[in-house]
Amino acid sequence: MKRRASKIIFGSALSVAAIAVAIDHTRHPLPEPIAVEQRATSADEGVATIEDQQSEEAPCAMDGAPCAMGEAPCSMD
Amino acid sequence: MRDGRGTLQHGLGVMTWHELDQYISARTLLSAIVQLGRKETNPVLMILGGTTPNMEHRYPPDGMSFAQDCWRAFYHSHETPDKAPNEHGHFHIFARKKKESDEWTHVVGLAVDIVGQPVEWFAANKWVVRGIWHPATYLKRHLPPLDPHEDKNLAAQWLAALLGTYRDEINDLLVARDSFVETHSEKDDHTDVFEDRSIWKLAKCHIDLQSKLESVLTHHDTAS
């Protein structure tokens, strides 16, 4: 099939101002996150902090149980 | 309206299928933004559900599934050495090829500012996100479809549509990520970079949402 066949004719009017206004209506201050240090207990009582984990492990991973604070700091672990 | 050749004639512009996907994503994104605005909220506020975020926690607690559970994301806030300007927190966005698979790969991170607006895409280092690591060329070809208009959850719809709208930039970001690793690694398996705790982000890309939507939507709406 020629590339031209995959073209589509499309269109409608949309104002630039409408986009700006729509976005503006979603600007709302987010609540400030509570730092780990502000929690009542500390590492002295055996509570692991995110800093403890980040020193050796991944903070944001996502394996196995999605979204637990696992080995990776941002994983799905 | 369809013409005799099976093409859609609905106005003035002409676009490829790739451009059409991006256009539909941008339209869905704008629709989601309008609905969020009417509710006087934004995606992060929705996900936080009226709670004050704790730096140890992820939101929502079980992650946010979208695009038929082939994509998942969670939002959190924590200190990092390379935060985006005015960053409040960030999404981590993962994908898998099939719903039955447990092989999640981190696709991209999305930093959000203190008023709930997306400000930066970033590619996280491997030690940060773990999971299966795929090169940019593989991800470009094998990422599952997003179909943002099918998601009923407004925050998920917003995120899926944002990913679809910025697909080109995300592809470029992942290419830049791989290039950074190739350039800075002295080992064949790149573990010296992948495990370097001083490197959180391998690449990043600024977001100007208003300009992007104007570019995608008004360009095609006025083309003839």
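The values are calculated or read from the model by the stated rules, or taken from the named source; none is laboratory data. These figures come from a predicted structure and were not determined experimentally. Counting neighbours? That spans all protein chains shown, and the Cβs are built from the backbone with ideal geometry, glycine included.
What to note about this one:
- Out of B:Pro61, B:Pro85, sole residue that is surrounded by fewer than 21 Cβ atoms within 10 Å (Cβ to Cβ) and not in a loop (DSSP other than H, G, I, E, B): B:Pro61
- The lone exception for B:Trp121 - which of (1) surrounded by fewer than 23 Cβ atoms within 10 Å (Cβ to Cβ); (2) over 20 Å from B:Asp69 (Cβ atoms) it fails: (1)
- Residue match in the range B:152-166 (condition: away from chain A (no Cβ under 14 Å), within 21 Å of the chain's Cα centre (by Cα) and without any contact (Cβ under 8 Å) to a residue 24 or more places away in the chain): yes
- Subset of the range B:124-151 (residues that are small (Gly, Ala, Ser) and either over 15 Å from the mean Cα position of the chain (by Cα) or within 12 Å of chain A (Cβ to nearest Cβ) (or both)): B:Ala124, B:Gly131
- Unique residue being within 30 Å of A:Pro29 (Cα to Cα) and part of a loop (DSSP other than H, G, I, E, B) when the list is B:Gly116, B:Gly131, B:Gly164: B:Gly116
- Looking only at the range A:22-38, and only at residues there that are modelled with pLDDT under 95 and more than 7 Å from chain B (Cβ to nearest Cβ), the one that is farthest from B:Glu79 (Cα to Cα): A:Gln38
- Residue match in the range B:179-189 (condition: of a type outside the set (Val, Ile, Thr), in contact with a Cys (Cβ under 7 Å, 6 or more places away or on another chain) and either buried (at least 22 other Cβ atoms within 10 Å of the Cβ) or modelled with pLDDT of 95 or more (or both)): no
- Residue within the range B:88-105 that is more than 10 Å from every other protein chain (Cβ to nearest Cβ), in contact with a helix residue (DSSP H, G or I) (Cβ under 9 Å, 6 or more places away or on another chain) and in a loop (DSSP other than H, G, I, E, B) present: yes
- Conditions (1) outside any helix (DSSP H, G or I); (2) out of contact with any strand residue (DSSP E or B) (no Cβ under 7 Å at 6 or more places or on another chain); (3) surrounded by fewer than 16 Cβ atoms within 10 Å (Cβ to Cβ); number of the one not met by B:Thr41: (3)
- Filter pass, B:Leu30 being facing chain A (nearest Cβ under 7 Å) and at pLDDT 95 or above: yes
- Among the numbered conditions (1) part of a helix (DSSP H, G or I); (2) farther than 22 Å from A:Ala61 by Cα, the only one that B:Glu186 does not meet is (1).
- Tally of residues being more than 30 Å from B:Phe194 (Cα to Cα), modelled with pLDDT under 95 and assigned to a helix (DSSP H, G or I) across the range B:134-161: 3
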